[in-house]
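Engineer: Dropping a structure here in structure tokens format, bear with me for questions.
The values are calculated or read from the model by the stated rules, or taken from the named source; none is laboratory data. Values in this document were obtained by computation on a predicted structure and should not be read as measured data. Cβ: placed from backbone, ideal geometry, glycine included. Neighbour counts: every protein chain shown. In case anyone asks, the SASA skips ligands and DNA or RNA and just uses the protein heavy atoms, side chains included. Shrake-Rupley method; radii C 1.70, N 1.55, O 1.52, S 1.80 Å.
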Amino acid sequence: MPTTMEDVTAKTEAIEIDPKSGLALKPTMEKEKLVSEGEPKTTETAQEKPNCTNGAKTEEEKNEKSGQEKEPNGATVKEEEVPVEVEPKTGISFAVKLEDGMQLKAVGLRKKSMLGMGLKIYGFGIYADNEKLKDLMQSKIGKAPSKPTKEMYQIVIDSDFGMMVRLVIVFSNLTMSMVRKNFDEGLGAAIKKLTGGKNEELTKKIMGEASDDIKLTSGSVIEISRLPGYVLQTRVKGEIVSKVESELLCRAFIYIYLGDDPFDKEAKEKFGASMVSMF
């Protein structure tokens, strides 16, 4: 839901106050006028200063415009571009590696049927601590499988190594209450599948403290992380809205992406292929 902003420019006249008398002096604009009519200016601004290079840009100016920096020895260093993977159905880009070292394992799309239409709700990227995942697969599975197995997915669901799912909103009319309802339903079904029963109180904790006043627009980011120690942390538009320690909740959350009925089957298959490639 794109928002519009109106730019309002207010022109104000600067007033100087004599610190001794407390009286207003002549406005700055008037003083500048007197200078321009009477005494010649003796200082030059950076824009008025003549260019001694006859229009040629200095090396510093070129580097500044191109985003390059110089090391002390004078060598030019280009800023590194972060590689990305594009989710094809939405065109959303996801960095293949995060600053904390987590690596992108799969991208996908969450769709929801409303009024007989399949609406695109958000694109997502699944990240994982690659080294921990690799060690886990090799120690638990041993021999390299020809294709991902249910046991491999279950190991990921049941473990507590670091993972994160980054959601990028596509549906412009999405609200926090809609997001909360979506996760309540998904987590509720996952918990029932894992335990055979319901736990509504637990399912509501993932988005429980996220205010309905948070405005979600197309491009808004929600990050849900499984931290070591079975802690599920939710961050909405950069702000932490919940942090819950629960092994069951962590398992249920990963299950909705890698379980028997995932939000996006192709994303689950991509994650599986990445696990096989570790052997």
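Engineer: Just for segment 220-232: of the residues that are in a loop (DSSP other than H, G, I, E, B) and farther than 18 Å from R180 by Cα, which one is most open to solvent (accessible area, probe 1.4 Å)? Even if it seems obvious, please write down each step before you answer.
Structural biologist: Quick first cut of segment 220-232, residues in a loop (DSSP other than H, G, I, E, B) only: 220, 228-230.
Right, trim to farther than 18 Å from R180 by Cα and you get 228-230.
Working: P228: 95, G229: 34, Y230: 50 Å².
Top of the filtered list is P228.
Engineer: Among what's in segment 103-152 and is part of a helix (DSSP H, G or I) and in contact with a Phe, Trp or Tyr (Cβ under 8 Å, 6 or more places away or on another chain), pick the residue that is nearest to E87 (Cα to Cα).
Structural biologist: Per the criteria, the residue is L133.
Engineer: Please specify each residue of segment 98-121 satisfying the condition of being loosely packed, with under 14 Cβ neighbours inside 10 Å and out of contact with any helix residue (DSSP H, G or I) (no Cβ under 8 Å at 6 or more places or on another chain).
Structural biologist: E99, D100, S113, M114, L115, G116, M117, G118
Engineer: With (1) touching a strand residue (DSSP E or B) at 6+ places or on another chain (Cβ under 9 Å); (2) modelled with pLDDT under 95; (3) surrounded by fewer than 19 Cβ atoms within 10 Å (Cβ to Cβ) as the list, and G196 as the residue in question, which single condition is left unmet?
Structural biologist: Failing condition for G196: (1).
Engineer: Here's something else I'd like to know. Would you mention how many residues in segment 178-219 are of a type in the set (S, T, Y) and part of a helix (DSSP H, G or I)?
Structural biologist: 2
Yes/no matrix, rows are residues, columns are (1) in contact with an Asp or Glu (Cβ under 7 Å, 6 or more places away or on another chain); (2) in contact (Cβ under 8 Å) with a residue 40 or more places away in the chain; (3) at negative phi:
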| position | (1), (2), (3) |
| --- | --- |
| D158 | no, yes, yes |
| G162 | yes, yes, yes |
| N173 | no, yes, yes |
| L202 | no, yes, yes |
| D212 | no, no, yes |
| V221 | no, yes, yes |
| Y230 | yes, yes, no |
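Engineer: Against the definition (touching a helix residue (DSSP H, G or I) at 6+ places or on another chain (Cβ under 8 Å) and buried (at least 21 other Cβ atoms within 10 Å of the Cβ)), how does F253 come out, yes or no?
Structural biologist: When the stated conditions are applied, F253 passes them.
Engineer: Exactly one condition in (1) closer than 22 Å to D100 by Cα; (2) at pLDDT 95 or above; (3) open to solvent by 40 Å² or more (accessible area, probe 1.4 Å) is false for K265; which is it?
Structural biologist: (1)
Engineer: Identify all residues within segment 122-158 that are surrounded by 15 or more Cβ atoms within 10 Å (Cβ to Cβ), farther than 23 Å from L194 by Cβ and of a type outside the set (F, W, Y); write none if there are none.
Structural biologist: Scanning segment 122-158 gives G123, G125, N130, K134, P145.
Engineer: Does E245 satisfy the condition of being open to solvent by 50 Å² or more (accessible area, probe 1.4 Å), among the charged types (D, E, K, R) and more than 19 Å from E185 (Cα to Cα)?
Structural biologist: yes
The rows are residues; the columns are (1) among the basic types (K, R); (2) open to solvent by 10 Å² or more (accessible area, probe 1.4 Å); (3) in contact with a Pro (Cβ under 8 Å, 6 or more places away or on another chain).
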{"residue": "G188", "(1), (2), (3)": "no, yes, no"}
{"residue": "E201", "(1), (2), (3)": "no, yes, no"}
{"residue": "I206", "(1), (2), (3)": "no, no, no"}
{"residue": "D213", "(1), (2), (3)": "no, yes, no"}
{"residue": "R235", "(1), (2), (3)": "yes, yes, no"}
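Engineer: Can I ask one more? Can you list residue pairs whose Cβ atoms sit under 8 Å apart, with the first residue in segment 233-256 being more than 21 Å from K193 (Cβ to Cβ) and the second being part of a helix (DSSP H, G or I) and open to solvent by less than 10 Å² (accessible area, probe 1.4 Å)? Count only pairs 6 or more apart in sequence or on different chains.
Structural biologist: V236/M176
Engineer: Considering only residues that are β-branched (V, I, T) and touching a strand residue (DSSP E or B) at 6+ places or on another chain (Cβ under 6 Å), look in segment 133-173 and name the one that is farthest from L98 (Cα to Cα).
Structural biologist: Across segment 133-173, the extreme among qualifying residues is V170.
Engineer: Scan segment 159-180 residue by residue and report those that are among the charged types (D, E, K, R) and open to solvent by 50 Å² or more (accessible area, probe 1.4 Å).
Structural biologist: D160, R166
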